[in-house]
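The values are calculated or read from the model by the stated rules, or taken from the named source; none is laboratory data. The structure presented is a predicted model; accordingly, all values stated were derived computationally and were not measured. Here the Cβ positions follow ideal geometry from the backbone for every residue, glycine too, while neighbour counts run over all protein chains shown. Note: accessible area is taken over every heavy atom of the protein model, side chains too, but ligands, DNA and RNA are not part of it. Shrake-Rupley method; radii C 1.70, N 1.55, O 1.52, S 1.80 Å.
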Amino acid sequence: PEQVSPEAVLASLVNDLDAAGRQVALVLDDYHFISSPAVHSAVAFLLEHCPRTFHLVIASRSDPALPMARLRARGQMVELRAADLSFTGPEAAQFLNEVMGLHLDAGAVALLEERTEGWIAGLQMAALSMRDRGDVAGFIQGFSGTNRYILDYLLEEVLASQPPEVQHFLLYTSVLKRLTAPLCDAILQGEAGPTPADETQAPFVAPGQAAGILDYLERANLFLVPLDDERRWYRYHHLFADLLQARLTPLGPGLAGRLLGRAATWCDQEGYIAEAVEYALASRDVRQAGDLIARYWHLGINNGEIETVSSWLRALPEEEIRRSASLGVAACWVLWFQGQMSAIEARLVEAEKALDEQRAAGEAVSSDLPVLLAVLRSIVARYGFDFEAAVALARRAQELMPEDLPPLAAAQLDSLIYLALASAYDGAGDLEKTVVAFTEAIRLSRLTANAAGISLTVRLVGALRALGRLNDAEQACREALRHVQEMGLAHLPATGILHLVMGEVLLERNDLAGAEAQLSYGMELGKWSGRLDAARNAAPALVRLRQARGDDEGALAAIQAAQTALGEPPPPLALAELLALRARVLAHQGAVEQA
């Protein structure tokens with residue numbers, strides 16, 4: 001919610017790793033599934049700034065989108081390619097005979113190793129195919145082809161050797177990203193296996209049998225990977241899952257979508273919200289996916305997962321968003337948090353129209369929607385400089401508050417209303433009402449464990465300082481700092497802004513030593529935060545502090561440090577502010593022409 005950049009969190013992590021003073025390794029498995037440029041950028045940042053005691057291990061089926069050439073040139077990377085991972089003859093013999101329990105002679109091992117090119121998955125499937133086979137030599141002699149064809153052939157051999165209920169289980173659960181027995185039971189409910197036409201279409205896997213089959217698959221080394229120590233969650237080897245899914249598709253139109261839909265329903269009921277949405281989207285059931293997103297988008301927003309909610313909405317057809325008032329409201333809030341104010345109006349009109357149409361059609365709509373729409377209207381009016389309308393719309397939102405909401409849901413809505421009110425009063429210059437509204441918004445945000453109180457406190461303190469209420473401003477800062485400490489956020493770069501604001505308040509009170517300590521700590525916390533430019537934010541207060549001590553050169557140095565922190569090219573407005581500040585200091589020194 002604080003819009004902290006990924007670099008801010010990573011910089012804090014880098015500092016902690018450096019302070020740890022010991023060797024640390026981070027392993028990222030299956031990195032080939034990462035497609036987000038933001039994730040690649042964050043990992044690259046971590047690699048660029050990490051201490052020498054930190055080691056990153058990446059397992060991937062394709063080269064990651066990272067600055068590998070630079071790392072390679074610097075000698076900072078060790079690469080293990082497919083050829084390095086392929087089993088040698090002795091390794092293949094040890095695996096086939098000792099691990100898989102076969103008794104093959106050196107010639108048979110060498111032939112398999114050659115035909116599979118030492119590929120462990122191919123060797124494993126070959127071993128599974130040869131179990132309990134009489135003519136092992138004939139199997140090995142007839143075993144040929146490229147890796148892909150080998151894999152296809154072996155998979156057929158592996159599946160053919162399994163009981164029908166296991167074949168059925170493997171194929172039908174291959175759609176799952178991760179497996180647990182209750183989830184498998186849920187998606188197999190009522191699904192008949194591919195039985196001959198003259199047999200009854202009874203389910204191959206009876207309810208409650210999934211746990212036993214998962215246990216069998218793990219003991220049989222059938223490409224099942226445990227994901228926890230309790231053996232509750234598993235996943236299939238990815239290549240194995242890919243090929244199972246390829247064989248699932250011909251079994252019936254819409255079968256995979258039906259299974260994915262059941263997975264979404266189970267995950268929804270069990271509280272695995274993100275997975276529920278992902279399964280629903282994968283099933284191409286737009287209505288189910290839209291319903292899930294409409295019910296849960298606010299949880300993602302409250303947790304600061306703006307990009308996740310945005311990606312959910314992008315995956316839906318535009319028509320589905322236009323049809324649903326709740327989805328339209330979600331899209332508006334995403335735009336608000338992303339700072340795309342100009343795009344909100346069109347979405348807001350669509351959401352209001354959708355609400356009218358849903359009501360006219362007799363559809364049930366969430367009771368909080370009219371409130372959220374009124375709050376959004378207030379925010380749009382405020383940023384359109386129509387402060388009177390913004391206040392009226394926020395008051396209208398208060399009148400629309402449902403009476404039957406649970407306490408936490410009511411507090412969440414109320415906090416948004418008071419945020420809109422405070423913002424409108426602040427724009428209109430009514431500072432007393434601004435203070436009251438921000439104070440209430442902060443109180444409500446803390447009830448709902450929402451970290452938005454940091455930015456709200458900054459704005460509250462600004463209003464209190466303008467009113468000359470320095471005691472209240474200092475108290476607001478101390479309460480906010482105590483709250484972030486309790487929430488475990490005290491060391492995040494975003495918290496640095498609270499220390500900067502506290503420093504400004506203490507400076508106004510002529511507590512120069514206290515102000516310097518707060519400003520220094522705030523800059524230390526926020527120096528890596530990117531969007532929260534601590535050096536620039538602290539510059540005006542540092543200039544006043546150093547001038548109060550007669551240190552004009554120190555004041556100019558603070559401005560230079562802030563200007564350097566802007567980067568290249570510097571944001572024009574931020575640069576203009578610092579140049580104006582420099583001019584003021586120079587004029588104070590009597591250097592009028594320089595000023």
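Assess whether Phe95 counts as being within 39 Å of the chain's Cα centre (by Cα), open to solvent by 10 Å² or more (accessible area, probe 1.4 Å) and at pLDDT 90 or above. Taking the combined requirement at face value, the residue does not satisfy it. Quick check on Gln245: is it free of Cβ contacts under 8 Å to residues at least 40 places away in the same chain and either touching a Cys at 6+ places or on another chain (Cβ under 6 Å) or not in a loop (DSSP other than H, G, I, E, B) (or both)? No; evaluated as a whole, the condition is false for this residue.
In segment 421-450, what count of residues is obtained for those that are of a type in the set (D, E, K, R) and under 23 Å from Gly300 (Cβ atoms)? Of the residues in segment 421-450, 1 are of a type in the set (D, E, K, R) and under 23 Å from Gly300 (Cβ atoms).
Taking the stated definitions as given, is Leu128 surrounded by 19 or more Cβ atoms within 10 Å (Cβ to Cβ), touching an Asp or Glu at 6+ places or on another chain (Cβ under 8 Å) and at pLDDT below 80? It would help to see each step written out before you state the result.
Details: surrounded by 19 or more Cβ atoms within 10 Å (Cβ to Cβ): yes; touching an Asp or Glu at 6+ places or on another chain (Cβ under 8 Å): yes; at pLDDT below 80: yes.
Here the answer is yes, as Leu128 does meet what is asked.
Can you find a residue that is among the aromatic types (Phe, Trp, Tyr) and either at pLDDT below 85 or more than 27 Å from Glu156 (Cα to Cα) (or both) anywhere in segment 228-241? Within segment 228-241 (the criterion being among the aromatic types (Phe, Trp, Tyr) and either at pLDDT below 85 or more than 27 Å from Glu156 (Cα to Cα) (or both)), the answer is yes, since at least one residue qualifies. Here segment 28-48 is the region considered, the condition is being open to solvent by 50 Å² or more (accessible area, probe 1.4 Å) and small (Gly, Ala, Ser), and the residue that is nearest to the chain's Cα centre (by Cα) is Ala38.
Before we move on, is Ala591 open to solvent by less than 70 Å² (accessible area, probe 1.4 Å) and either in a helix (DSSP H, G or I) or not hydrophobic (A, V, I, L, M, F, W, C) (or both)?
no
For segment 430-447, the criterion of being open to solvent by 50 Å² or more (accessible area, probe 1.4 Å), among the polar types (S, T, N, Q) and closer than 20 Å to Glu486 by Cβ is satisfied by at least one residue. Looking at segment 323-418, the helices (runs of 4 or more DSSP H) lying wholly inside it that each contain 3 or more residues that are open to solvent by less than 40 Å² (accessible area, probe 1.4 Å), farther than 17 Å from Ile301 by Cα and out of contact with any Cys (no Cβ under 7 Å at 6 or more places or on another chain) sit at 344-360, 369-383, 387-399. Just so you know, in segment 143-173 the residues that are surrounded by 15 or more Cβ atoms within 10 Å (Cβ to Cβ) and part of a loop (DSSP other than H, G, I, E, B) include one that is modelled with the highest pLDDT, and it is Gln162. Taking the listed residues Ala25, Ala69, Ala11, Ala19, the one that is modelled with pLDDT of 85 or more, surrounded by 12 or more Cβ atoms within 10 Å (Cβ to Cβ) and either assigned to a helix (DSSP H, G or I) or not hydroxyl-bearing (Ser, Thr, Tyr) (or both) is Ala11, with no other qualifying. Residues in segment 213-267 that are within 22 Å of Ala160 (Cβ to Cβ) and polar (S, T, N, Q): Asn221, Gln245, Thr249. If the condition is being in a helix (DSSP H, G or I) and either over 16 Å from Ala330 (Cα atoms) or not aliphatic (A, V, I, L, M) (or both), then segment 275-285 contributes Glu275, Ala276, Glu278, Tyr279, Ala280, Leu281, Ala282, Ser283. If only residues of segment 235-281 that are among the hydrophobic types (A, V, I, L, M, F, W, C) and more than 21 Å from Ala181 (Cα to Cα) are counted, the one that is least open to solvent (accessible area, probe 1.4 Å) is Leu243.
Looking only at residues of segment 557-588 that are outside any helix (DSSP H, G or I) and either open to solvent by 50 Å² or more (accessible area, probe 1.4 Å) or modelled with pLDDT of 90 or more (or both), we find that the one that is nearest to Arg536 (Cα to Cα) is Pro571.
Residue by residue, here is whether (1) free of Cβ contacts under 8 Å to residues at least 12 places away in the same chain; (2) more than 30 Å from Asp84 (Cβ to Cβ); (3) not polar (S, T, N, Q) holds:
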site: Val9; (1), (2), (3): no, yes, yes
site: Leu17; (1), (2), (3): no, no, yes
site: Gly21; (1), (2), (3): no, yes, yes
site: Val24; (1), (2), (3): no, no, yes
site: Tyr31; (1), (2), (3): no, no, yes
site: Ser35; (1), (2), (3): yes, no, no
site: Pro51; (1), (2), (3): no, no, yes
site: Ala65; (1), (2), (3): no, no, yes
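Between a first residue in segment 431-449 that is in contact (Cβ under 8 Å) with a residue 24 or more places away in the chain and a second residue that is surrounded by fewer than 17 Cβ atoms within 10 Å (Cβ to Cβ), which pairs have beta carbons less than 6 Å apart while being 6 or more apart in sequence or on different chains? Pairs that qualify, where the first residue is in contact (Cβ under 8 Å) with a residue 24 or more places away in the chain and the partner is surrounded by fewer than 17 Cβ atoms within 10 Å (Cβ to Cβ), are Leu431/Ala466; Leu431/Leu467; Thr448/Leu408.
With the condition kept exactly as written, say whether any residue in segment 75-87 is buried (at least 19 other Cβ atoms within 10 Å of the Cβ) and of a type in the set (A, V, I, L, M, F, W, C). Yes - at least one qualifying residue is present in segment 75-87.
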